[in-house]
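The values are calculated or read from the model by the stated rules, or taken from the named source; none is laboratory data. Computed from a predicted model, the values in this text were never measured in an experiment. Positions of Cβ are backbone-derived with ideal geometry, glycine not excepted, and every protein chain shown enters the neighbour counts. Accessible surface areas use protein heavy atoms only, side chains included; no ligands, DNA or RNA. Shrake-Rupley method; radii C 1.70, N 1.55, O 1.52, S 1.80 Å.
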Amino acid sequence: MTLAKRKAPKKREISSAALLAWYDRHKRKLPWRAENGVRPDPYHVWLSEIMLQQTTVKAVGPYYARFLDRWPTVADLAAVRLEEVLKLWAGLGYYARARNLHACARVIVEEHAGIFPESEAKLLKLPGIGAYTAAAVAAIAFDHKATPVDGNIERVVSRLFAIEEPLPASKPLIRERAATLTPDQRAGDFAQAMMDLGATICTPKKPACALCPWSEPCIARERGDQETFPRKTAKAEGKLRRGAAFVVMREDGALLARTRPDKGLLAGMTEVPTTDWAHDFDIHDASAHAPIEAKWHRVAGAVNHVFTHFPLELIVYRTQAPKTVRAPKGMRWIAMQEIDGEAFPNVMRKVIAHAMS
DNA sequence: TAATCGTGGAA
DNA sequence: TTTCCAAGATT
């Protein structure tokens, strides 16, 4: 390629320089981003990337600030108990991320002397770090030439090349095309530029193509059906599950609770006692699962919650217990002032709020 | 490969 | 109101 050609790329070429120029003007200001030309702290990059998995920037903001405030370094995070991490993560969802975050911090400290490895391959071996996050940290924190592919980039690339094959089957092809676009220099900025483009211009609905630095070479744009990309195969929706939850309020305001198993849904999180959540739940044998003998009051209405793969409806029973009542085996009392900071997932906070209504 | 795994906000 | 989906990883 001649020098002249490099300086003045054809408009129909997908030029990384054009995107980087756009990024330099329009990039979002985010808490985990360092100032121009400054390498961000790998710990900050990693923490933000884990939190941002399947989670909006807006939702992550306050959690990121609280984590960094409480645990300024990866060593600080590694030093605390998992329970403390789950408490601070409560409400953010996908709790396996918190467990893996903590496990990863310990591996970094114990096996890497507290220093994040720089290569994509080494990062990939760490708990909770998959193909996307390994590439993202390598590129953003260390400026290695790596190509993370998230939902934004899948959408951008699908439109640029008008990829007809539906997701997720098209992932390998998209990854291949994305890698082709990645420049040797500023790979981290390029990755973030792709994501910013997807988040602010190349949006799922009503993309602002008029403002896009890649409008000219975009094949879908040329065809006019850009909004139909990426193609996707329909996924089956989950069936409703039902159950009953039991809220026992002690006279002093303490709440009866237990810890969920360390695997599966809401693993390791705190919950009030409940029946199983089943498709064939029968309200008539709910009381048989009550944690203590008491005069139970059925709270009117129900709590509805939607998980990724199924909707849930919980009816709620409430009772008051005297101070003398002991917690049944496997359960414990949580003092009233501890409830807010406890590792209750949001579905449980809904149950508790409903019981108080 | 296909399920599993949370939540809340935007359209 | 319903639908979609947001910087995915794990099994």
Inset, instruction - Please find the FRET efficiency linking A:E110 to A:A300, where r is the Cβ-Cβ separation and R0 is fixed at 45 Å, and quote it to the nearest 0.05. - result: 0.30
Legend entry - aspartates and glutamates with Cα under 12 Å of A:K87, excluding same-chain neighbours fewer than 8 positions away: A:E338, A:D340, A:E342
Legend entry - Cut-off under 5 Å, modelled amide H: who pairs with A:G91 long-range: A:N346
Legend entry - Modelled FRET efficiency - R0 45 Å, A:A236 with A:A103, Cβ distances, 0.05 increments: 0.90
Inset, instruction - Determine ³J(HN,Hα), in whole Hz, for all residues of segment A:332-337 in sequence, where each value follows from phi through the Karplus function 6.51 cos²θ - 1.76 cosθ + 1.60 and θ = phi - 60°; x replaces Gly and Pro. - result: 8, 9, 10, 4, 3, 6
Inset, instruction - Using the structure shown, list the pairs from A:K58/A:K263; A:K235/A:K350; A:K58/A:K206; A:K263/A:K323 with a Cα-Cα distance above 30 Å, or answer none. - result: A:K263/A:K323
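Rounded to the nearest 20 debye, what is the charge dipole size of segment A:291-357 about its Cα centre when +1 sits on each Lys and Arg Cβ and -1 on each Asp and Glu Cβ?
Here segment A:291-357 has a charge dipole of around 260 debye.
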Inset, instruction - Express in nm, to one decimal, how much length is gained between A:L211 and A:H309 on full extension, taking 0.36 nm for each residue of separation and deducting their alpha carbon distance. - result: 31.7 nm
Legend entry - Gain on full stretching of the segment that runs from A:D262 to A:R326 - 0.36 nm per residue minus C-alpha separation: 20.6 nm
Inset, instruction - Could you tell me whether chain A comes out rounded, prolate or oblate from its Cα gyration tensor? Rule is a ≥ b ≥ c as square roots of the eigenvalues, rounded for a/c under 1.5, then prolate if a/b exceeds b/c, otherwise oblate. - result: prolate
Inset, instruction - Based on the mean of other Cβ atoms within 10 Å per residue, sort peptides A:316-324, A:238-246, A:154-162 so the most packed one is first. - result: A:154-162, A:238-246, A:316-324
Inset, instruction - Have a look at A:S16, A:A98, A:L240 and report the one farthest towards the positive end of the charge dipole of chain A, computed about the Cα centre with Cβ charges (Lys/Arg +1, Asp/Glu -1). - result: A:S16
Inset, instruction - Please give the per residue accessible area of chain A, computed with a probe of 1.4 Å over protein heavy atoms only, in Å². - result: 53
Legend entry - Relative contact order (%) - segment A:40-142, alpha-carbon pairs under 8 angstrom, separation at least six: 33
Legend entry - Between helix A:96-111 and chain A: long-axis angle, C-alpha atoms, 0 to 90°, nearest 10: 70
Legend entry - Mean Cα-pair separation over length for segment A:241-356, i.e. relative contact order, pairs under 8 Å, 6 or more apart, %: 38
Inset, instruction - Give the accessible area for A:S357 in Å² (nearest 10); use a 1.4 Å probe, count only protein heavy atoms, and leave out ligands, DNA and RNA. - result: 100
Legend entry - Per-peptide average of other Cβ atoms within 10 Å, ordering A:111-119, A:249-257 highest first: A:249-257, A:111-119
Inset, instruction - Per DSSP H run of n ≥ 4, the term is -39500 (n - 2.57); total these for chain A, divide by its residue number, and report the mean residue ellipticity at 222 nm rounded to 500 deg cm²/dmol. - result: -11500 deg cm²/dmol
Inset, instruction - Would you work out the relative contact order for segment A:154-257, in percent, from Cα pairs under 8 angstrom that are 6 or more residues apart? - result: 38
Legend entry - Dipole magnitude of chain A, debye to nearest 20 (Cβ charges: Lys/Arg +1, Asp/Glu -1, about Cα centre): 680
Inset, instruction - Along Cα→Cβ, 7 Å out, is where each label goes; now give me the distance between the ones at A:E293 and A:A199 in nm to one decimal. - result: 5.7
